[in-house]
Amino acid sequence: MSTLSGKPRHPGEVLLTHFLKPQNIAVEAAAQTVGLPADVLLEVVAGARSVTPDLALALAQLTRTVPEFWIRLQDAVDAHAAKGKVAGMN
C-alpha cells in the first residue's frame, strides 16, 4: 500500500485506517486486547515505531491477518527510506 506520491504507507497508518477506525476501536483498547503496552501501539500508529516480528505477530492476532502482511508493509517503508539515503549519497 502506498500513497499517491509512491511513498509506502507505514504499517501503523494501515492499522489505524483499515482496521481500527472502521471498527471504532481505540488504540489503547486494541493494545490491551493483544497484551501490548498502549504507548507501543500508539507509537506504531504515529509512524514513530517500526513493526518488528514480535509486533507483527500481535498485529496479525489483532486483525486476523498473517504476520507476513505487517512485515511486508514495514519492509516497503524501510526499503523506501534506504533508497532515499542512497540517492542522497550520490
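Looking only at residues of region 18-46 that are among the small types (Gly, Ala, Ser) and closer than 14 Å to Ala58 by Cα, we find that the one that is surrounded by the most Cβ atoms within 10 Å (Cβ to Cβ) is Ala30.
Restricting to region 1-17, and then to whatever is in a helix (DSSP H, G or I) and under 9 Å from the mean Cα position of the chain (by Cα), can you tell me which residue is surrounded by the fewest Cβ atoms within 10 Å (Cβ to Cβ)?
Restricting attention to region 1-17, the residues satisfying the condition of being in a helix (DSSP H, G or I) are 11-17.
Checking which are under 9 Å from the mean Cα position of the chain (by Cα) leaves us with 11-16.
Working: Pro11: 27, Gly12: 27, Glu13: 18, Val14: 20, Leu15: 23, Leu16: 20.
Here the residue is Glu13.
Of the residues making up region 47-56, those that are outside any helix (DSSP H, G or I), free of Cβ contacts under 8 Å to residues at least 40 places away in the same chain and either touching a Lys or Arg at 6+ places or on another chain (Cβ under 6 Å) or surrounded by 12 or more Cβ atoms within 10 Å (Cβ to Cβ) (or both) are Gly47, Arg49, Ser50, Thr52.
Would you mind stating whether Ala87 is loosely packed, with under 11 Cβ neighbours inside 10 Å and not in a strand (DSSP E or B)?
Yes, satisfied.
For region 1-22, taking the residues that are modelled with pLDDT of 95 or more and out of contact with any helix residue (DSSP H, G or I) (no Cβ under 9 Å at 6 or more places or on another chain), the one that is farthest from Arg49 (Cα to Cα) is identified as Pro22. For Ala60, the requirement of being under 21 Å from Pro8 (Cβ atoms) and over 13 Å from the mean Cα position of the chain (by Cα) is not met. Restricting attention to region 18-31, the residues being outside any helix (DSSP H, G or I) and of a type in the set (D, E, K, R) number 1.
The values are calculated or read from the model by the stated rules, or taken from the named source; none is laboratory data. Since the model is a prediction, treat every value here as computed from it, not as a measurement. A quick note on method: Cβ atoms are made from the backbone with ideal geometry, for glycine too, and the neighbour counts reach across all protein chains shown.
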